[in-house]
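What follows is a set of notes on a single structure, which appears directly below.
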Amino acid sequence: MAEQFTHQIIEAIEQLGPKEAASRMARALIVLAHRAGTDVEFTSDLGTISITRKVIPAADKH
């Protein structure tokens with residue numbers, strides 16, 4: 001499953017371009033952090049990505 005997901009991400013980068021693919025992945029990671037109810041940080045040998053949630057007023061939530 002993990003390998004298939006990795007290939008899907010690579011295909012998305014190729015089809016959408018790096019900037020658009022990164023934008024969509026970032027939004028998905030932000031949603032993940034909101035659902036988890038906590039900020040998230042991912043670290044690997046290649047670098048670190050931090051997701052800091054913003055407070056969204058109830059009136060603006062979908």
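The values are calculated or read from the model by the stated rules, or taken from the named source; none is laboratory data. Bear in mind that the values here come from a model prediction, so they are computed numbers and not experimental data. Don't worry about glycine lacking a Cβ; one is built from the backbone with ideal geometry, like all the others, and counts go over all protein chains shown. Keep in mind that these areas ignore ligands, DNA and RNA; they rest on the heavy atoms of the full protein, side chains included. Shrake-Rupley method; radii C 1.70, N 1.55, O 1.52, S 1.80 Å.
Between the helical axis of 18-36 and the longest alpha-carbon principal axis of the chain there is an angle of about 40 degrees. Ordering VAL40, VAL55, ILE30 by Cα displacement along the dipole of the chain toward the positive end leaves VAL55 in first place; charges were set at the Cβ atoms of Lys, Arg (+1) and Asp, Glu (-1).
Using the Cβ of ALA26 as centre and a radius below 12 Å, the other residues enclosed give a net charge of +2, where K and R count +1 and D and E count -1.
Computed with a 1.4 Å probe over protein heavy atoms only, the accessible area of VAL55 comes to about 140 Å². For q values of 0.14, 0.20, 0.26 Å⁻¹, compute log₁₀ I(q)/I(0) with the Debye formula on a Cα-only model of the chain, without solvent. Log10 of I(q)/I(0), two decimals: -0.53, -0.95, -1.19. What's the angle, to the nearest 10 degrees (0 to 90), between helix 2-16's Cα axis and the longest principal axis of the chain? The angle comes out near 90 degrees. With protein chains left intact and a 1.4 Å probe, residues in the stretch 9-53 average 82 Å² of accessible area per residue.
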